[in-house]
Structure formats: C-alpha cells, structure tokens
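Engineer: Would you mind keeping the following structure in view while I ask a few things?
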C-alpha cells in the first residue's frame, strides 16, 4: 500500500513537472507575432519602421544581457516577449499624450533600457524627437479611467495575445468616462487629435484612424441601442483581434456607466481570467511622457528617467 501511494505521488509529481515544462515551452520567441501583432488594417507601417530604426541592435543586446543577469530566473524567450510588449507601449507613447505603465514585468525592461542613459536618450530623440521620460506613479490608487482608454487604444492597434493578457492584466474591466465619449461624438478630428494625442510627421495617419474608429463605434452603439437597449454582442472565445470587445466596452460605458461591469462581464473574455496578473486592478508603475518634467519629476532628465517609487509595486 505504501509503495502504491509513493508510486502514485511520484507519478503525480512527474505529471506536474511535465505539465510545467510544457507550459514553459509555449513561451518561445519564435511564436512572437510579426510586426508587433498589429491588426491588419491599421496604417502604422511608417511608425513601426521608425521604431525599428531607433532601437539599435547592440543597445538591445546590452539591455538583454543586463536584464538576464539581474533576473536569473527569467529566460531569453521571456525577455523577448516582454520587449515585444514594451515596443507596443512605446508605439502608444508616441501617439498619446500620457500612457500609464500597467505592467510591472514590462516596466522592468524599460528600467534596464534607461540605465544605458546615452543609448536611451538617442533612442528617445530618434523615435519621438525628444526625451521619453519615465515618471513614477506616486498615487497608490487605481486609475480605472486611464486604464479604460489604454485598453481601447491598445485593442484598436494590436492583437491581444495570451501573454498580453497575463502581463498587462485583464482588458475591458473598466468603463470609459462619458465625457470622453461625448468629446469623440461631438468634436472634430483635429480637435480630438489636439486634446487626446500628440501628432508628429510619422503618426498622423494612425491618429486619424483612431479618431475614425471611435466615431464609428459610437455611431454603431447608437444604432444598436435603438434596436435593442440591452445590446447584442458575441462572446470572445480566442485571443487575437478584440475590437469587438472594445465596441462592447464603448456601448456599456456610454449607456450603463454605473453598472458597466454587471453588463460587460457577460461578454468579457472569461477564459482569459485565469491568466490575469496582479495589475488587473489598474494599479500602475508609472507613465510615459515626452514633455518636460517640470515639478513632477525631481529636476532634470535623471530625475525623470528613474523609477525610485513606483506606486504599483514594480522593482527598480
């Protein structure tokens, strides 16, 4: 009997190890989507080319070497996946006035990049034309509205992978403010670009696309509400293009803001919840800003570029 129990426990232990190894094998850099997993119709080719030109390969190799040395439990494949998500974040930082960093793990790669001050400054100036500062979050409170707008923009640009969901936390959990939606419904394209985005010679087409997408979705929600006040959406079954869920988010944000999650959870990607990370409550580590720091950073580039007190609990 004792031998049988030991044998069964041994089999169970082996099964657990095999399962763990199989899960780790799924995280291969060869499986990283091409072109940052950009959704097919998004006019972002010029911006991606600018990003690739701005990130010197020798610089990235230095960052990788230091990161793996500082994080011996992380694999090269995981570094490449985290860098993939950080590149997506940099794209958003190029087009938005302020972008909170909602992932502690992705933020760690950003920290490593900043330590190479000369190379980081060259990257920032080449990609944005000015320094991309890392401003730590000093407010421990969640930022659900900032997270909602982040989710919407992210989902218009990129496919959401299983890794994305795990590292950024659950998407579409928070409603967008009604006044933001009213702005997009009532204001002109140029007014919206000036208020919500930052324009440069490489991203104008992308900004026009995003404004057009929001106006389109708002028009769709109005038609849907007139046909059925409860709305009608398909449940998301797979990772990938989640623009349908972004339409759901806009609909319930606009018409049922106070009861958003009561309605949205019916359609949200339920199968992905087991992959969510500690950042799913919309706490964040800091934010990107290409403006001068002023009183917010502690003086000078060095004060802006370090992260000594990340409110979301990220490591520096």
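Engineer: Is one or more of the residues making up the stretch 75-96 at pLDDT below 95, part of a loop (DSSP other than H, G, I, E, B) and not assigned by TED's automatic domain parsing to the domain that holds residue 196? Working first, answer last.
Structural biologist: Let us first name the residues in the stretch 75-96 that are at pLDDT below 95, namely none.
For the stretch 75-96, residues at pLDDT below 95, part of a loop (DSSP other than H, G, I, E, B) and not assigned by TED's automatic domain parsing to the domain that holds residue 196: absent.
Engineer: Right, here's the next one. What is the number of the single condition among (1) surrounded by 18 or more Cβ atoms within 10 Å (Cβ to Cβ); (2) in the same structural domain as residue 55 (by TED's automatic domain parsing); (3) under 24 Å from residue 207 (Cα atoms) that residue 156 does not meet?
Structural biologist: (2)
Engineer: Exactly one condition in (1) over 18 Å from residue 99 (Cβ atoms); (2) at pLDDT 95 or above is not met by residue 210; state its number.
Structural biologist: Of everything listed in (1) over 18 Å from residue 99 (Cβ atoms); (2) at pLDDT 95 or above, residue 210 misses just condition (1).
Engineer: Out of everything in the stretch 71-83 that is touching a helix residue (DSSP H, G or I) at 6+ places or on another chain (Cβ under 7 Å) and in contact (Cβ under 8 Å) with a residue 40 or more places away in the chain, what residue ends up being surrounded by the fewest Cβ atoms within 10 Å (Cβ to Cβ)?
Structural biologist: Applying the filter and picking the extreme gives 76.
Engineer: Right, here's the next one. Look at residue 24 and say whether it is part of a helix (DSSP H, G or I), modelled with pLDDT under 95 and under 27 Å from residue 155 (Cα atoms). Please lay out each step first, then the result.
Structural biologist: Details: part of a helix (DSSP H, G or I): yes; modelled with pLDDT under 95: yes; under 27 Å from residue 155 (Cα atoms): yes.
For residue 24, the condition - part of a helix (DSSP H, G or I), modelled with pLDDT under 95 and under 27 Å from residue 155 (Cα atoms) - is met.
Engineer: So, one more: Regarding residue 173, is this residue in contact (Cβ under 8 Å) with a residue 60 or more places away in the chain, outside the structural domain of residue 45 (by TED's automatic domain parsing) and surrounded by fewer than 22 Cβ atoms within 10 Å (Cβ to Cβ)?
Structural biologist: Details: in contact (Cβ under 8 Å) with a residue 60 or more places away in the chain: yes; outside the structural domain of residue 45 (by TED's automatic domain parsing): yes; surrounded by fewer than 22 Cβ atoms within 10 Å (Cβ to Cβ): yes.
For residue 173, the condition - in contact (Cβ under 8 Å) with a residue 60 or more places away in the chain, outside the structural domain of residue 45 (by TED's automatic domain parsing) and surrounded by fewer than 22 Cβ atoms within 10 Å (Cβ to Cβ) - is met.
The values are calculated or read from the model by the stated rules, or taken from the named source; none is laboratory data. Keep in mind the model is a prediction, meaning the values are calculated, not measured. Positions of Cβ are generated from backbone atoms using ideal geometry, with glycine treated the same way; all protein chains shown enter the neighbour counts.
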